Amino acid sequence: MRQFDALLRQGLMEANLAQYENVLERADDREADFSPKYRRERMRLLADPWGWEKRQPERPMLRRGITRGVAVAAAVILLAVTAVAVSAPLWIAFFGGLDQRQQEIISDMEISGEKAEKTAPEETPSENLLPPPAEHGGVTVTPLRILGAKNQLYLVLEIRAPEGTVFHPEDDLHLSGSLRPSDKWRAEHRGEIAAASGSVTVLEAGTREPNVLVVVLEEMVSYEVGGSTYQLRQLQRKTADREYETIFGGWDPETGPTDRWDIPIPEDLNKDQVLEPQVEGMVMTQGEKRMTLLSMSVSPLGVWWKYRLEGEDPWPQVRMALRMKDGSEIKADPSQMTTGDTGSGLTGSVRFEKPVDLSQAEAVLWEDVVIPLEQPEQGME
């Protein structure tokens, strides 16, 4: 446990430097299971410890109360690295299958070099918006695709490690990085916590070239992803003797990360794909908890909402789903991220398992509260 405590302290130092943003420096050496199911459950635990506790009564956890004005956020999120096959197109492989409409939604929303090439020779928004590669210390990080809206982001990166590095599909890799909100957001939301829950999926490891990785970074944050910056800081590999080999980047015990590769995310990212239903003043009561909505945003990727809370539970869990026009429901992932403070307001975030066609949605279901979704008129901005 001493080693785990040291790693936790290192993670907390990094989180403090990034103002409560989330980062993975390394995993606990005592882990016995590295399956994708285990890693996702670990991510859910760290993103929402109290909700996880409620779903796992047989595993009691230390729980702390909160008083008004005290911030509540998960300070450290481990970026779990898993591997998937890439025989299918990238997003189909990543999401585990997509129907034709879901593929069309992604095509409309994503920024990629491929889209720009298809519409050449004219310059396209994709050519304008896809960030340039970040190069430092013999490492080149190239953004290949960006899919995001409001507070959800999927970032595909090609990571070219220093010459002589050899990756293998079975490598146990640990990537350190975090998404940082824009200066504009920080200026407009002084004192608010910028929290995030993230994971990393390896699509390719040494497949085309021995020193090249292709990864998908998945981020759910409490702020606008447009205009933010992803900072990659370190990549390590766990060896057969359970030691950590640093492939690139560094960490100073006193000052934190010594290297970084910045990937700026375009501003106004798919704002036209986000619906903002009129929710201010809507109230829901659960036992002794009373939640009053202040605002809500719904994108094809997930739901974000801000509310005031009256009650003792600082991590209230709510069922969030979309009711479709055909009467079916699309439930959001139960892994809910909650952050903020009980004074100025809390924010909640959930993601959908796969992109959703909002043109076929008629309402958001916030527990038993039905929130109508008004679709934008055709031809209107």
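The values are calculated or read from the model by the stated rules, or taken from the named source; none is laboratory data. All values derive from a computational prediction rather than experimental measurement. Every residue, glycine among them, receives a Cβ derived from its backbone with ideal geometry; neighbour counts consider all protein chains shown. Note: accessible area is taken over every heavy atom of the protein model, side chains too, but ligands, DNA and RNA are not part of it. Shrake-Rupley method; radii C 1.70, N 1.55, O 1.52, S 1.80 Å.
General remarks:
Each row is one residue, and each column tells you yes or no for (1) more than 26 Å from residue 104 (Cα to Cα); (2) modelled with pLDDT under 95; (3) open to solvent by 20 Å² or more (accessible area, probe 1.4 Å); (4) in a loop (DSSP other than H, G, I, E, B).
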position: 291; (1), (2), (3), (4): yes, yes, no, no
position: 309; (1), (2), (3), (4): yes, yes, no, no
position: 314; (1), (2), (3), (4): yes, yes, no, yes
position: 346; (1), (2), (3), (4): yes, yes, no, no
position: 359; (1), (2), (3), (4): no, yes, yes, no
position: 365; (1), (2), (3), (4): no, yes, no, no
position: 374; (1), (2), (3), (4): no, yes, yes, yes
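- Condition check for residue 166: at pLDDT 95 or above and open to solvent by less than 20 Å² (accessible area, probe 1.4 Å): no
- One residue from 229, 239 being surrounded by fewer than 12 Cβ atoms within 10 Å (Cβ to Cβ) and out of contact with any Gly (no Cβ under 8 Å at 6 or more places or on another chain): 239
- Meets criteria (open to solvent by less than 40 Å² (accessible area, probe 1.4 Å) and either under 23 Å from residue 133 (Cα atoms) or over 22 Å from the mean Cα position of the chain (by Cα) (or both)) for residue 178: yes
- Filtering the stretch 131-149 to residues that are part of a loop (DSSP other than H, G, I, E, B), open to solvent by 30 Å² or more (accessible area, probe 1.4 Å) and touching a residue at least 40 places away in the same chain (Cβ under 8 Å) leaves 137, 138.
- Looking across the stretch 251-271, the residues that are assigned to a strand (DSSP E or B) and either surrounded by 19 or more Cβ atoms within 10 Å (Cβ to Cβ) or modelled with pLDDT under 90 (or both) come down to 251, 252, 256, 257, 261, 263.
- Scanning the stretch 272-280 for any residue that is open to solvent by less than 50 Å² (accessible area, probe 1.4 Å), assigned to a strand (DSSP E or B) and under 26 Å from residue 318 (Cα atoms) turns up at least one such residue.
- Considering the stretch 179-194, the residues that are among the hydrophobic types (A, V, I, L, M, F, W, C) and either touching a strand residue (DSSP E or B) at 6+ places or on another chain (Cβ under 8 Å) or over 24 Å from residue 154 (Cα atoms) (or both) include one that is modelled with the highest pLDDT, namely 179.
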